[in-house]
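The values are calculated or read from the model by the stated rules, or taken from the named source; none is laboratory data. The shown structure was predicted, so the numbers you read here are calculated from the model rather than taken from an experiment. Accessible surface is based on the protein model in full, side chains and every heavy atom, while ligands, DNA and RNA are left aside. Shrake-Rupley method; radii C 1.70, N 1.55, O 1.52, S 1.80 Å.
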Amino acid sequence: MKKRPYKSLVRKRQAGDTRRRIVDAARQLLRSAGYDGMTIEAIAQRAEVSAQSVYGIFRSKTGILTELLDQSTFGDE
């Protein structure tokens with residue numbers, strides 16, 4: 001029997017919201033505290049998610065910085 005792919009529009013929307021909150025929190029911290037103050041833990045706290053979620057989505061602080069640079073260059077999404 002072939003397994004059906006799992007697709008949930010609600011879950012996709014929630015994941016997008018979480019990603020946006022993390023990026024917004026990182027942007028705010030980068031502006032106010034600089035790169036050194038933009039810790040994964042501070043980002044997670046400000047975005048109201050776990051540090052594990054931040055790592056799971058972006059892998060590292062560099063991954064978040066790359067996303068911020070991409071958005072400043074190419075726009076959101």
- request: Take the solvent-accessible surface of the protein heavy atoms, probe 1.4 Å, and return the percent of it on the chain that carbon and sulfur atoms account for.
  value: 51 percent
statement: Residue-normalised value, i.e. accessible area per residue, for the chain at 1.4 Å probe, in Å², stands at 77 Å²
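Percent relative contact order of the chain, based on C-alpha pairs within less than 8 angstrom and at least six residues apart?
On the way: 46 pairs, mean separation 18.5, N = 77.
RCO, the chain: 24 percent.
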- prompt: Based solely on its DSSP helices, what 222 nm [θ] is calculated for the chain when runs of n ≥ 4 H residues each add -39,500 (n - 2.57) and the sum is averaged over all residues, nearest 500 deg cm²/dmol?
  reply: -25000 deg cm²/dmol
task: For the range 1-64, take the alpha-carbon Rg, divide it by the Kirkwood Rh, and send me Rg/Rh.
output: 1.14
query: How about LYS61: which lysines have a C-alpha closer than 30 Å to its C-alpha, ignoring those fewer than 8 places off in the same chain?
result: LYS7, LYS12
